[in-house]
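The values are calculated or read from the model by the stated rules, or taken from the named source; none is laboratory data. Note that the structure is a prediction, hence the values are computed from the model and not measured. Cβ: placed from backbone, ideal geometry, glycine included. Neighbour counts: every protein chain shown. What goes into the accessible areas is simple: the full protein's heavy atoms, side chains included, and nothing from ligands, DNA or RNA. Shrake-Rupley method; radii C 1.70, N 1.55, O 1.52, S 1.80 Å.
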Amino acid sequence: MKASEANLLKFLNNSPQFVIPIYQRNYSWTANQCRQLWDDLLRAGRNDNIKGHFIGSIVYVERGLSSVMLHSGLSVIDGQQRLTTGTLLVAALADHFDTQGIHELLGTFSAKKLRNYYLLNPNEEGERQYKLILSETDKDTLLAIVKGTPAPVENSKRVSENYALFQKWIIENASELEAICQGLAKLMIVDVSLDRSQDNPQLIFESMNSTGLELSQADLIRNFILMGLEPAAQTHLYKTYWRPMEKGFGQEAYAVHFDAFMRHYLIAKTGEIPNVRAVYVAFKNYAHGLKATMQDLVADIHAYATYYFAMALGAETHPALKHAFHDMRELKVDVAYPFLLYAYNDYKQQRLTADELLDIVRLVESYVFRRSVCAIPTNSLNQTFATMSRSLKAGNYVESVMAAFLLLPSHRRFPSDAEFHRELNARSVYHLRSRGYWLRRLENYERKERVMIEDYTIEHIMPQNEALSAEWQAELGANWKRIQQQWLHTLGNLTLTGYNSEYSDYPFCYKRDEATDKSGNPIGFAHSPLKLNKGLGQVATWNEDAIKERGDRLAQEAIKVWRMPKLDAGVLDAYRPQAAKSGQGYSIADFPNLDHGPMHMLFAAFRQAVLQLDPSIVENFLKLYVAYKAETNFVDVVPQTKRLLLILNMTMQDLEDPKGLCRDISNIGSWGNGDVEIGLSTLDELPYVMGLVRQSFDRQMGDAADA
């Protein structure tokens, strides 16, 4: 590696050409970052005491360590954002000189010199005449700017928008044109050239992007895949697989969606949930463990990306699946995408039909919505869907999904019809974040002609106004205040209407029969075409009983919309784990120290504390230790004469142990499951030890999965 300080303009003038490899991310500087550069440039140009302004480094690969002036087509490893922005600034300045008829400033700045020194190689032909060649997405737009030709059809928004910004700022500061030129002349960089035969571009690239404007995880992954390949192989993989993915996500959505997709992809493939900031590291580990070629890997990522487009970006063409995925997006069930990607792959491989996939998607939707209505914490959902594919059986796909849902432990449970009905009817569902979704689903269930809910607003039949009219008070009865507070936002009192303002706070009989539009047409509930308003025309009085009755009826309908899986007991039993069906082979009687020996009292207190952590926790007496598990063992107890030896199923790195009592046994054998060991000898130690045990349990339940 060779590094030296350099003036940006001289650096550009001395270099024949910089090429942004196809594995690099697209140009991504925003208006804010361009503004910062512009402000710094003006400040330097206005102040004679500022001799130079450093804007960062330019790192490129060449065959040897000789001067940049002796080689062409230098491959940029880091600094393309600065190079591109500087090029746009120079191009905008040259354009201003031309349009304003300015011949020359400061003896060295003119439109011709700006172009021929810093944008072009005037003695070259074809692409070799340009100082900077960007990657596929941005290339044609920048070349059109430099050439002064119309923008291409597939225009790079960032390139064209930032060029327009510099044009605007130059015009706004035209009275300080000399300061602009002087500031531009003071921009400094660190010129870093790499020798490919001695330096590792990938490691240097990762190191230099660990600070500042970081690359996205997906960009790092793309670079990892393509950087080490020969140019022809890079071009083939990029154009065949990666570029179509970028187009599928879209210019603006690429940065938003691609990182999330890559995380979902890895979870689907491994069943492990990587930290959101460590997707790249997880991907490298995954790729290193594969026997497939890099082309096979990229082709697989591309295939899964098309599945993601179908589910998350509305690209599905099958009508019923398209509606189902739209509902999933409205419900915001991103956490289920790893499992659905797995299922969609089986659908594309013809291991299940479209109808079977539809059943699975609707079961996932029902599971998530029922849990939301029943206010069950969502912290275990990621783990549920990360591992669900392990339960599936070819040939009985939908049945195995139903069994997997039905056999989930209590904290992950699929709420029963009774629980769902009770909570949906009683709670303030108006405040659910997905209220537009569930009202639409209720209205359109089994409808061939779908109602566009966007044309309607939510109506509270009993008004929200705390100062209810005398008519409403009389309708509700003596307890009208309690009834309004208790039932206002519940299912029974909510409906849809296109005439919210016409209904206002009028009495129920008016809303039901007498309301009319401006033309005198009846618009009351009795005349509504909506299913949700069915039966309101026959309700005589809107009181607590009427609200409860309607809520009960709609909740019964909701049970059909968001259905629970149903399997015969014998079928479900076949899916139960063998250990659970056969029963335990050991009990506390097999552990004299715990049953009636010196550790009896301490163990009794410990087991009570552990089992109280969550109803889902199961205690298993094994041959050599006692296991406590929800998903898997989170703490194991190895009985000893004078203490209980606890093995926590987590790493020392993830554990908070302020007293430093735990021991790392990751490289030491033990009877339990985990890398952390701690002894429990007295009841006084129990509260602190339970804090450690709780960390292991919470981590398993998913609390830390998205940290």
Open item on the list: If I ask for residues that are open to solvent by 20 Å² or more (accessible area, probe 1.4 Å), in contact (Cβ under 8 Å) with a residue 40 or more places away in the chain and not in a loop (DSSP other than H, G, I, E, B), which ones from the stretch 7-34 would you list?
Closed with: ASN7, ASN13, ASN14, VAL19, ALA31, GLN33
Task: Considering residues of the stretch 376-408 that are hydroxyl-bearing (Ser, Thr, Tyr) and open to solvent by less than 60 Å² (accessible area, probe 1.4 Å) only, the residue nearest to PRO615 (Cα to Cα) - done: SER380
TODO: Taking only the stretch 383-419 into account, find how many residues are in a loop (DSSP other than H, G, I, E, B) and closer than 19 Å to VAL335 by Cβ.
DONE: 6
Open item on the list: Suppose the filter is of a type in the set (Val, Ile, Thr), in contact with a Phe, Trp or Tyr (Cβ under 7 Å, 6 or more places away or on another chain) and outside any loop (DSSP other than H, G, I, E, B); does VAL637 pass it?
Closed with: yes
Open item on the list: Take the residues in the stretch 653-679 that are at pLDDT 90 or above and not in a loop (DSSP other than H, G, I, E, B); name whichever of them is surrounded by the most Cβ atoms within 10 Å (Cβ to Cβ).
Closed with: VAL676
Open item on the list: Just to confirm my filter: which helices (runs of 4 or more DSSP H) fall fully inside the stretch 203-281 and include at least 3 residues that are at pLDDT 85 or above and under 17 Å from ASP138 (Cβ atoms)?
Closed with: 243-249
- [ ] Restricting attention to the stretch 125-138, report how many residues are open to solvent by less than 70 Å² (accessible area, probe 1.4 Å) and in contact (Cβ under 8 Å) with a residue 24 or more places away in the chain.
- [x] 8
Open item on the list: Within the stretch 593-605, does at least one residue satisfy the condition of being open to solvent by 70 Å² or more (accessible area, probe 1.4 Å), more than 20 Å from GLY674 (Cβ to Cβ), within 39 Å of the chain's Cα centre (by Cα) and modelled with pLDDT of 90 or more?
Closed with: no
Task: Condition met for ASP355 (farther than 19 Å from MET701 by Cα, of a type in the set (D, E, K, R) and surrounded by 16 or more Cβ atoms within 10 Å (Cβ to Cβ)) - done: no
Task: Out of ILE102, ILE55, sole residue that is in a loop (DSSP other than H, G, I, E, B), modelled with pLDDT under 95, open to solvent by 20 Å² or more (accessible area, probe 1.4 Å) and β-branched (Val, Ile, Thr) - done: ILE102
TODO: Could you tell me whether ALA404 is in contact (Cβ under 8 Å) with a residue 40 or more places away in the chain and out of contact with any Phe, Trp or Tyr (no Cβ under 6 Å at 6 or more places or on another chain)?
DONE: yes
Open item on the list: Take the conditions open to solvent by less than 70 Å² (accessible area, probe 1.4 Å) and within 36 Å of the chain's Cα centre (by Cα) and apply them to ALA558. Does it pass?
Closed with: yes
Open item on the list: Taking the criterion of being of a type in the set (A, V, I, L, M), at pLDDT below 90, open to solvent by less than 50 Å² (accessible area, probe 1.4 Å) and touching a helix residue (DSSP H, G or I) at 6+ places or on another chain (Cβ under 8 Å), would at least one residue in the stretch 607-625 satisfy it?
Closed with: yes
TODO: Note down all Cβ pairs under 9 Å where the first residue falls in the stretch 149-174 and is part of a loop (DSSP other than H, G, I, E, B), the second is of a type in the set (Lys, Arg), and they're at least six residues apart or on different chains.
DONE: GLU154/LYS247; SER156/LYS139
TODO: Scan the stretch 454-475 for residues that are modelled with pLDDT under 90 and surrounded by 18 or more Cβ atoms within 10 Å (Cβ to Cβ) and jot them down.
DONE: TYR456
Open item on the list: Taking the criterion of being in contact (Cβ under 8 Å) with a residue 40 or more places away in the chain and among the basic types (Lys, Arg), would at least one residue in the stretch 529-541 satisfy it?
Closed with: yes
